[in-house]
1. I need the full set of residues from the stretch B:17-29 which are surrounded by fewer than 21 Cβ atoms within 10 Å (Cβ to Cβ) and in contact with a strand residue (DSSP E or B) (Cβ under 6 Å, 6 or more places away or on another chain), in order please.
2. Quick check on B:Leu130: is it within 38 Å of the chain's Cα centre (by Cα) and either loosely packed, with under 11 Cβ neighbours inside 10 Å or over 17 Å from B:Pro71 (Cα atoms) (or both)?
3. Would you say A:Glu336 is more than 7 Å from every other protein chain (Cβ to nearest Cβ) and modelled with pLDDT of 95 or more?
4. Let me confirm something: among B:Ala311, B:Ala386, B:Ala343, B:Ala379, which residue is hydrophobic (A, V, I, L, M, F, W, C) and facing chain A (nearest Cβ under 9 Å)?
5. Select from the stretch A:170-192 the residues that are closer than 23 Å to A:Leu242 by Cα and open to solvent by 60 Å² or more (accessible area, probe 1.4 Å) and write down the one among them that is nearest to the chain's Cα centre (by Cα).
6. Can you pull out the residues in the stretch A:1-16 that are under 23 Å from the mean Cα position of the chain (by Cα) and either open to solvent by less than 30 Å² (accessible area, probe 1.4 Å) or more than 7 Å from chain B (Cβ to nearest Cβ) (or both)?
7. Cβ-Cβ below 6 Å, separation at least six or inter-chain, first residue in the stretch A:389-418 and within 20 Å of A:Gly192 (Cβ to Cβ), second of a type in the set (Gly, Ala, Ser) and open to solvent by 40 Å² or more (accessible area, probe 1.4 Å): which pairs?
8. As an exercise: evaluate B:Glu319 against (1) more than 10 Å from chain A (Cβ to nearest Cβ); (2) open to solvent by 10 Å² or more (accessible area, probe 1.4 Å) and give the number of the one condition it does not meet.
Number of protein chains: 2
Amino acid sequence: MKVEILTIGDELLRGEIIDTNKARIAAKLLSCDIEVQHQVSVQDDPDTMLEAFRSAASRSDLILISGGLGPTSDDLTAEVIAKAFCRRLVVHQPSLDAIRAFFERKTSGTRPMAESNTKQAYFPEGAEVLPNAIGTAPGFRLEVGSVHLICMPGVPRELDLMMDTHVLPWIEKRWPGRSVVCERRLRTFGVGESSIEDQLGGLARGGGPLGDVRLGYRTAFPDNFLRLVAHASTVQEAQARLDEASAKIRHLLGPLVYAEGEVEMEQLLCELLRAEGKTVAVGESCTGGLVSELITSIPGSSEVFLGGVVAYSNRAKVEFLGVSEALLNTHGAVSEQVARVMAEGVRERFMADFGLASTGVAGPGGGTTEKPVGLVYLAWAEKSRATRVEKLELPFPRHLHRRLCAQILFDGLRRRLLGFEALGVSEPSVEKSVRSTKQENGLG
Amino acid sequence: MKVEILTIGDELLRGEIIDTNKARIAAKLLSCDIEVQHQVSVQDDPDTMLEAFRSAASRSDLILISGGLGPTSDDLTAEVIAKAFCRRLVVHQPSLDAIRAFFERKTSGTRPMAESNTKQAYFPEGAEVLPNAIGTAPGFRLEVGSVHLICMPGVPRELDLMMDTHVLPWIEKRWPGRSVVCERRLRTFGVGESSIEDQLGGLARGGGPLGDVRLGYRTAFPDNFLRLVAHASTVQEAQARLDEASAKIRHLLGPLVYAEGEVEMEQLLCELLRAEGKTVAVGESCTGGLVSELITSIPGSSEVFLGGVVAYSNRAKVEFLGVSEALLNTHGAVSEQVARVMAEGVRERFMADFGLASTGVAGPGGGTTEKPVGLVYLAWAEKSRATRVEKLELPFPRHLHRRLCAQILFDGLRRRLLGFEALGVSEPSVEKSVRSTKQENGLG
């Protein structure tokens, strides 16, 4: 079976936005063991679109199209497909009713549906309409001889939902008995790709002890992911192979692997804290609220996160975190001493079990010879233990500096909760990790 | 001139990596007034590649190809192009020498060039070789009748350099006197695309009062962008047209347009505050640090941002923001009264000119009949004016809810600083704006 993905939009052809839809469609097809041979993108231009639809139909059996289903005048997909394959455009009354109802529901009846939206209820004759539960643009499937065209919206989450609820189930019914492909992602933090490969040794090589489970790497700052892919005749079998491969890898990498799948570090941390009945509070200077923001992005985080102070000014450090003027004058805001008091102060004042703190020079300005851009002190306080402070010099631009600081704070707390030693800058491994992450991200 | 971009690689077709090369090439071409009509990606499969090269050559005048120039057996671009257009593959001695020298330099003579790398010195007969100063894969340009094929490496920084140093200069020599293309982006917040189109009236239609300046829309939650594109023979002329078109649009849209170009709302706000010598502090509940995080993402924000309190627990609202237990007991944490005291409390305690606050139910859990998920109170406090509190019910998932709350807080302060009335939920326009933004984002 020849499969093609076609995305439509001037903004893609101009390079204004990176087209991620092609990759999302392809990845979903791959989970049904379907490989895509062609990917094409064309402008919102009727002639170019027409030619693209016709040549796709001349070489491919299944064509997945995304974009051009909106209400505006440059959304032409249904119209051009109708023309390309000599169909009339006909109104689909249930879609028209659904779009109208969508508007009425959303505006509580105060705003009538715009005339332009009626356009979204017209489809090439003979098409099967694919409902869109979360937007106004329904998709559709059209058979032209032996070729199947499936048109979906360009909005990523609408596209995802339509693929999951309509397209993939239809594909499985239409072409049954395909083998199953499952993947798993192991999330690591703290070392670069090549260090991971070193630690894995022979396991990293194809045809080795992982059998036919394929191993790949992906850097997703500040993490590195290992991606395992298994083919099998059933999901159970594929999952069993992935379980086995994952266990082997986790045995070698130990605490470097912090989670599997879509679990973010901050989510894991909320789960660990909840399981232990512990709470955390955060005093942030250079991270500027990012640490709080990441934790509170997790639903239910209010059970474990008591709050934070973004102490961007010295006054705030004094007023809210109990840092003394004397300490600020003697050591400066970016110092081990101030980081320590910030973490302890925020923990005490919020009556939390753990206090985290950051103070540093995120740049690009504000650096001095003594305290250069990239210097940061991170601190972890808890009641019954000495406060730990780490000094790091991170060679990253502002936004990555902040993100990495947040992740190091989280990872330190994770390792503490799990009973592992925290990675410290004094240990060679972290130095290496930071450098290696940097090199592999091409930064610095 | 018809232009096509062709990228090659199994990993692209599988959706394992997002192909950014197409967008980089397209954006570079656009600056020379060259619009791309087609973008195609194919697997590292010789038959598919051959067909893709031939069909590209049958419809396009200039074809830019990226990928498949590496040393491994699945790098087939030169070989397949030779075959597709009936050329022999011939060795290019200077390239062979350069590749050999590259290896000797890199390994200080300790590692001989791998045999597989000699492959990278073979090109279709008649090709002009494009040197690669930073990698082992030279590119090449081949004329086939009136069609020009340009092959470049897939490594982004090598691709960029080759585009800049060889391809763009060649294009300018080959097709001199091309017009100049300039673009401008008007950033709006507060209403959806279709409302903007309504407000622009005839201005939105092609061939109308904007002349040949093209107008497009793009939703980038929580904003909507208008994109203007002007062609002219000089940059000055194009900019003058954009100035004129932008002025007409801004006249109609008024304060809806908050900035032009790459200026984010929080950046603009920092500039406005700095210009007025004013400071701000933030008391956040449901936004959880996001407001602080966005402001502090701007370098130099410490001049205008004094800090914030993430008061996720009631205790924090009492301890840090002066909210009384009585108020919390009477009205609950999510209430107009508490939002008001939070904004006033954070302003006073940080001694800031403005205090912003949020308290709401971001969801997905935590809603009640009386205080449903999506309910939020936003507050703006300043010394010499009454505190303003807005109640909104936002129909978005957690992360978008938070992001929209932050933007509404920013936009309210922007309008205050510029002397516009703030958009309030009591005014029909905002109801409409929020709903409209939502619908056009297909969110529900």
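1. Answer for the stretch B:17-29, where residues must be surrounded by fewer than 21 Cβ atoms within 10 Å (Cβ to Cβ) and in contact with a strand residue (DSSP E or B) (Cβ under 6 Å, 6 or more places away or on another chain): there is none.
2. No: the conditions fail for B:Leu130.
3. Values: more than 7 Å from every other protein chain (Cβ to nearest Cβ): yes; modelled with pLDDT of 95 or more: yes.
For A:Glu336, the condition - more than 7 Å from every other protein chain (Cβ to nearest Cβ) and modelled with pLDDT of 95 or more - is met.
4. On the way: B:Ala386 fails: facing chain A (nearest Cβ under 9 Å); B:Ala343 fails: facing chain A (nearest Cβ under 9 Å); B:Ala379 fails: facing chain A (nearest Cβ under 9 Å).
Sole residue among the options that is hydrophobic (A, V, I, L, M, F, W, C) and facing chain A (nearest Cβ under 9 Å): B:Ala311.
5. A:Glu183
6. Going through the stretch A:1-16, the residues under 23 Å from the mean Cα position of the chain (by Cα) turn out to be A:5, A:7, A:11-12, A:15-16.
Residues satisfying the conditions are A:Ile5, A:Thr7, A:Leu12, A:Gly15, A:Glu16.
7. A:Pro395/A:Gly444
8. Tallying (1) more than 10 Å from chain A (Cβ to nearest Cβ); (2) open to solvent by 10 Å² or more (accessible area, probe 1.4 Å), B:Glu319 fails exactly one: (1).
The values are calculated or read from the model by the stated rules, or taken from the named source; none is laboratory data. Here the structure is a predicted model, which means the values were calculated and not measured. Note that we place each Cβ from the backbone using ideal geometry, even for glycine, and neighbour counts take in every protein chain shown. Note: areas computed on protein heavy atoms with side chains; ligands, DNA, RNA excluded. Shrake-Rupley method; radii C 1.70, N 1.55, O 1.52, S 1.80 Å.
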